[in-house]
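Quick note: the coordinates plus some simple rules give every number you see, no bench work behind them. A quick note: this is a predicted structure, and the numbers were derived from the prediction, not measured. Neighbour counts run over all protein chains shown; Cβ positions are idealised from the backbone, glycine included.
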Amino acid sequence: MLPVLRNSTGLLARASRPTTVAVCQARFNSVQASKVDDSSSSNTSLDSTLYALGARLGLQSLSPSLLEQAVTDRSINESVNNVALTALGKRVVGLLATEYLYTKYPLLPSRVLSESVGAFVDHRSLKAVGRQVGLQHAVRYQPSPVDDEATRNVVAESMNAIIGAVYKEQGLDAAKKFVHGHILARDFNLRPHLAFKQPKSHLSKLMNKQGKPSPVSRLVSETGRHSRSPVFVVAVFSGEEKLGEGFGYSLKMAEHRACQDALYTHYSFEQKDFTLPSDAHKVEQYRPPLLGDTELAL
């Protein structure tokens, strides 16, 4: 009886081996299938995010692979990333912003023009534009544990890269449409950039250059001169032409603000009807936009 039992046990052991192998193989296949499903799910999620981003930006015709590259930071992919597209986009958006502002405000001093262009296209502005369209959810990057600034700038860099991608694949007209629609169409306050340290002296030199009478300040109204909170209103004139007006708690402050107002009125002159130089080929008779005179030597 014992040999029979040993043989039976051996048969059972041999019979169990294929079963164990089959179970292991099944488990392996299950794990692999799970990995494939996870990868597929991740890719699907990325694709849907990029698709939604492209739709919000009006970039449905842009190559999906190029859009993906534009939102891929070097921290996550050393070989395929948005570094080159970012550099290209910065030049394109800088050119378009400069062209637009200098054509719209032809009398701006170069310092004010540079500051205004920067206000439109610096990292803070582009980051704000990007976040409005949900770009922060599509950017692919590895947060830096030591460089917070780099982490904060990835949205702005990706915005520049998207502009570069549009220019690269679809040309200047498409890039210009994108930049004007998403960046240059925003409200912009020029006044903070048109502040002068010595507005009275600046205004005098400006009138002299234009061959106009020297500016003269005149008290327009006042209240509470002998009180603790007086208010003076001063206007500045060149001949009979009123140049600007300001108020203050002293005559000096009111005059200072009146001269500032006069300079703002002059330099913020806005052309209403103009053709951008980059659109010259689209019109039959192109008229170059007005450009300001040589700046004052102060």
Discussion item. Below 21 Å, Cα to Cα, which lysines can Lys272 reach? Residues fewer than 8 away in the same chain don't count.
Written reply: Lys104, Lys176, Lys177, Lys282
Worksheet entry | Spatially proximal lysines relative to Lys252 (Cα-Cα < 29 Å; intrachain offsets below 8 disregarded) | Lys197, Lys200, Lys205, Lys209, Lys212, Lys242
Worksheet item: Once the Cβ-Cβ distance between Leu219 and Ala195 is put in as r, and R0 is 25 Å, what FRET efficiency do you end up with, to the nearest 0.05?
Response: 0.60
Practice prompt. With a 10 Å radius around each residue's Cβ, average the other Cβ atoms per peptide and rank 243-254, 54-65, highest first.
Written response: 243-254, 54-65
Worksheet entry | Net charge of neighbours whose Cβ lies under 15 Å from the Cβ of Gly171, counting Lys and Arg as +1 and Asp and Glu as -1 | +2
Worksheet entry | Expected-Rg normalisation [2.2 N^0.38 Å, Cα atoms] applied to the stretch 43-189 | 1.04
Item to complete: Apply 1/(1 + (r/R0)^6) to the Cβ-Cβ distance of Ser63 and Thr265, taking R0 = 41 Å, and write down the FRET efficiency to the nearest 0.05.
Response: 0.30
Item to complete: Using a 10 Å cut-off on Cβ atoms, rank the peptides 155-163, 232-240, 181-189 from the highest mean neighbour count down.
Response: 155-163, 232-240, 181-189
Practice prompt. Pop a pseudo-label 7 angstrom from the Cα along the beta-carbon direction at both Asp122 and Ala174 and give the gap in nm to one decimal.
Written response: 3.2
Item to complete: Any chance you could run the full-extension gain for Gln132 through Ser144? It's 0.36 nm times the residue separation minus the Cα-Cα distance, nm to one decimal.
Response: 2.0 nm
Worksheet entry | Full-extension gain in nm, Ile76 to Arg228, via 0.36 nm per residue minus C-alpha separation | 48.4 nm
Fill in: Highest average packing first - 74-87, 106-119, Cβ atoms within 10 Å
106-119, 74-87
